[in-house]
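Structure first, then comments.
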């Protein structure tokens with residue numbers, strides 16, 4: 001199962017504003033009428049039930065929206081760039097690469113996230129006419145799009161997560177209560193990929209069960225299926241812990257030890273899993289022989305107040321009672337959750353960087369910050385009027401004052417984004 005992926009996304013750049021003047025017979029001095037550029041396309045991620053894995057991102061990893069169209073004369077605005085839509089499975093968590101906190105969790109069908117907003121279109125010269133500047137011969141460039149390297153992580157959304165040591169009988173149980181057909185064998189092996197199935201109790205209540213890869217000691221540190229298993233388990237609403245009470249293939253598997261091994265891994269991984277409602281199924285009751293070992297285990301569960309059921313996944317003994325116990329918890333959880341009525345849309349805003357000035361070499365100053373870099377990118381540096389306007393904006397933002405305070409000299413170079421300016425008073 002492909003449940004992790006890395007992708008690159010980029011929203012569209014805004015179209016450039018237009019420099020134009022009204023031309024019409026019998027209308028002298030028609031004035032500036034350059035139109036605005038169109039907004040660039042957004043990159044939108046949508047969670048859909050029909051998508052099951054992140055497999056497609058193994059072959060397609062770059063997603064770029066189209067740019068906005070340039071403005072034109074007669075106050076005509078440019079065409080908006082086309083959005084690009086990326087479909088992912090419900091339960092996909094999105095991270096900026098290198099960061100630990102997710103930016104969005106697409107955990108509901110139809111939920112949308114605008115991960116990168118298209119750049120604003122540049123304003124045409126019609127916006128810059130003033131009483132003292134009646135014929136502006138400059139316009140804004142379009143705002144650049146946003147670029148992000150993202151990590152996608154799929155965490156299955158199942159109502160019940162089956163946990164237990166390898167060969168505890170999880171796959172047999174899943175095949176007993178659902179139409180799923182996981183691999184089952186009479187020798188020790190573990191499920192390598194999560195298997196999903198839909199179960200139904202006697203009242204007709206349906207819910208999703210996930211048979212997750214078996215845990216081993218050290219899973220919380222990544223051993224075996226380790227973290228892959230635990231990442232899926234934390235999205236469940238109920239944990240069904242299946243414990244083999246038959247003694248295992250060698251007859252030496254202790255049920256209490258097995259239970260404590262798994263619980264220790266859950267506790268180490270974090271509170272999200274250990275806080276979930278848990279039911280224990282004592283599996284293989286039809287073949288167990290060590291009554292003392294089983295009674296010792298039941299005593300532990302009673303002391304801890306953990307509900308438990310004796311079952312045989314192979315014969316179906318005790319399975320119905322277990323299903324009713326699980327649905328009782330799920331129904332209570334259903335009542336507590338807010339009903340999801342319509343698709344939610346989340347807009348991810350880029351982080352703003354504050355204005356900073358640093359001397360990177362002798363006579364070369366670097367100015368960084370979201371606002372000033374945006375000004376540079378939206379200024380036509382080949383247009384004298386546009387550069388003059390830029391100087392005024394930099395002065396109003398306090399850039400020149402900060403440079404003077406740091407000791408800049410005439411003739412020094414000021415680098416902002418891709419532009420290099422010569423400083424002079």
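Before moving on, here are some points about what is shown:
- Some residue of region 360-370 being under 36 Å from the mean Cα position of the chain (by Cα) and either touching a residue at least 60 places away in the same chain (Cβ under 8 Å) or part of a loop (DSSP other than H, G, I, E, B) (or both): yes
- Of all the residues in region 1-52, those that are touching a helix residue (DSSP H, G or I) at 6+ places or on another chain (Cβ under 8 Å), surrounded by fewer than 21 Cβ atoms within 10 Å (Cβ to Cβ) and at pLDDT 95 or above number 1.
Okay, residues lined up against (1) outside the structural domain of residue 370 (by TED's automatic domain parsing); (2) buried (at least 19 other Cβ atoms within 10 Å of the Cβ); (3) in contact with a strand residue (DSSP E or B) (Cβ under 8 Å, 6 or more places away or on another chain):
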residue: 63; (1), (2), (3): yes, yes, yes
residue: 76; (1), (2), (3): yes, no, no
residue: 108; (1), (2), (3): yes, no, yes
residue: 136; (1), (2), (3): yes, yes, yes
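- Yes/no for residue 163 being under 30 Å from residue 281 (Cβ atoms) and at pLDDT below 85: no
- Residue ID - nearest to residue 238 (Cα to Cα), chosen from residues in region 287-303 that are surrounded by 13 or more Cβ atoms within 10 Å (Cβ to Cβ) and under 45 Å from the mean Cα position of the chain (by Cα): 301
- For region 54-68, the set of residues classified as farther than 19 Å from residue 113 by Cβ and assigned to a loop (DSSP other than H, G, I, E, B) consists of 59, 66, 67, 68, listed by residue number.
- Residue within region 320-327 that is part of a loop (DSSP other than H, G, I, E, B) and modelled with pLDDT of 90 or more present: no
- Number of positions in region 13-33 that are out of contact with any strand residue (DSSP E or B) (no Cβ under 8 Å at 6 or more places or on another chain) and assigned to a loop (DSSP other than H, G, I, E, B): 10
- Residue list for region 311-326, filter: within 41 Å of the chain's Cα centre (by Cα) and without any contact (Cβ under 8 Å) to a residue 40 or more places away in the chain: 312, 318, 321
The values are calculated or read from the model by the stated rules, or taken from the named source; none is laboratory data. A quick note: this is a predicted structure, and the numbers were derived from the prediction, not measured. All Cβ positions, even for glycine, are placed from backbone atoms using ideal geometry, and neighbour counts span all protein chains on display.
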